[in-house]
1. Against the empirical 2.2 N^0.38 Å scaling, what ratio does the C-alpha Rg of the range 118-199 come to?
2. To the nearest Å, what is the center-to-center distance of the range 149-199 and the range 110-132, using C-alpha atoms only?
3. State the percent of C-alpha pairs, over all pairs in the range 4-45, separated by a distance greater than 17 angstrom.
4. Taking the Cα-to-Cβ direction at I151 and at V173 and moving 7 Å from each Cα, how far apart do the two end points lie in nm?
5. Take R107, R8 and sort them by solvent-accessible surface of the protein heavy atoms, 1.4 Å probe, largest at the top.
6. Roll a 1.4 Å probe over the protein chains and send me the accessible area per residue for the range 123-199 in Å².
Amino acid sequence: MPVITISRQFGAGGKTLADQLATRLGYDVATEDIIEKLAQSTQLSNDSIRSFEGEENGKLRSPSPAGFIRRILDKPRNIMDGQQYARLLHQIIPRIADGDNVIILGRGAQFILKDRKNVVHILLLAAEADRISFMQEHYDLAPDDARQAVIKKGKRRLKLMRLFDSADYDQPVHYDLVLNMSKLSLERALDLICALVAP
């Protein structure tokens with residue numbers, strides 16, 4: 001069975017779909033494995049990695065000259081060097097993909113594994129209003145909080161994709177299947193992915 005990467009606009013249901021897809025196919029979602037390997041590589045705690053990846057205020061950035069002298073984390077401010085983060089992902093994600101039956105959610109995996117055989121790349125898109133509604137329904141957020149989360153996470157995703165030199169990261173050419181979640185239920189999306197990876 002192929003490795004599956006799932007890229008998504010925030011609020012399009014990527015994590016929810018990945019978890020349900022893993023259950024249906026007998027796959028593992030590699031999120032914790034990636035965090036563990038990042039933590040080991042940087043000698044940081046898993047919680048520090050989660051905090052870094054979850055920051056919404058633009059901490060991903062190119063290194064300054066001083067950043068090359070210091071280690072990749074400015075511990076007092078909990079800032080990781082964005083390009084070092086991307087380099088670590090280039091080392092870790094192919095190792096994760098060597099395992100069987102794994103789903104890799106986000107983290108630029110569609111670019112890191114673009115030339116690898118037996119990988120299926122999925123992209124989930126949805127209208128902003130639908131993504132806001134999804135966050136309200138599935139994460140119990142107030143309308144304004146859901147809207148702010150969608151906007152901030154969208155900006156963060158743009159910063160991450162720039163680390164992979166990709167300004168066109170939502171273009172269909174990068175993916176084997178593009179799903180408009182404004183038009184599809186999660187169940188229908190699952191059926192389409194399963195038909196592709198396990199015909």
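The values are calculated or read from the model by the stated rules, or taken from the named source; none is laboratory data. Being a predicted model, the structure only gives us computed values, none of them experimental. All Cβ positions, glycine included, derive from the backbone under ideal geometry; neighbour counts span all protein chains shown. Just the protein is used for accessible areas: all its heavy atoms, side chains included, with ligands, DNA and RNA removed. Shrake-Rupley method; radii C 1.70, N 1.55, O 1.52, S 1.80 Å.
1. Working: Rg = 14.5 Å, N = 82, 2.2 N^0.38 = 11.7 Å.
My calculation over the Cα atoms of the range 118-199 gives 1.23.
2. Their Cα centres are 3 Å away from one another.
3. Values: 377 of 861 pairs.
Percentage above 17 Å: 44.
4. It is 3.2 nm.
5. Numbers: R107 30, R8 70 Å².
Order by accessible area, largest first: R8, R107.
6. Details: 4480 Å² over 77 residues.
So the range 123-199 comes to 58 Å² accessible per residue, rounded to a whole number.
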